[in-house]
Amino acid sequence: MNKAKALKVLCARLYEMERSRIQTSRSKLRSEQIGSGDRSERIRTYNFPQGRVTDHRVGITHYSKIS
C-alpha cells in the first residue's frame, strides 16, 4: 500500500513540475512577443486638431490643411 501511495505522490509531483515548466516557458515566450504599449512602440501618431499624422517607422510627418 505504501508503495502505491508513494508512486501516486511521485507521479503527482512530476506532473506538477512538468506543468510548471511548460507554463513558465509559455509565459516567457508570450511576454517576449507582447509589447509594453509605450509611446516609443507606436507606429503612427494621429493629431487631428492640427491635421497631422506621423509615421514613426519611416520618420515622415504629413500635414493636411483644414479649411
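Details
- Residue count for the range 1-43, restricted to those that are among the charged types (D, E, K, R) and under 30 Å from His62 (Cβ atoms): 4
- Out of Val53, Val9, sole residue that is in contact with a Lys or Arg (Cβ under 7 Å, 6 or more places away or on another chain), open to solvent by less than 90 Å² (accessible area, probe 1.4 Å), modelled with pLDDT of 85 or more and among the aliphatic types (A, V, I, L, M): Val53
- No other residue among Lys65, Lys3 is assigned to a helix (DSSP H, G or I) and exposed (fewer than 10 other Cβ atoms within 10 Å of the Cβ) apart from Lys3.
- Within the range 19-45, the set of residues being hydroxyl-bearing (Ser, Thr, Tyr), surrounded by 10 or more Cβ atoms within 10 Å (Cβ to Cβ) and outside any helix (DSSP H, G or I) comprises just one member, Thr45.
- Residue in the range 8-31 that is over 32 Å from the mean Cα position of the chain (by Cα) and of a type in the set (Lys, Arg) present: yes
The values are calculated or read from the model by the stated rules, or taken from the named source; none is laboratory data. Source: prediction; values computed, not measured. For neighbour counting, all protein chains shown are included, and Cβ atoms are generated from backbone atoms with ideal geometry for every residue, glycine included. The accessibility values were calculated without ligands, DNA or RNA, using every heavy atom of the protein model including side chains. Shrake-Rupley method; radii C 1.70, N 1.55, O 1.52, S 1.80 Å.
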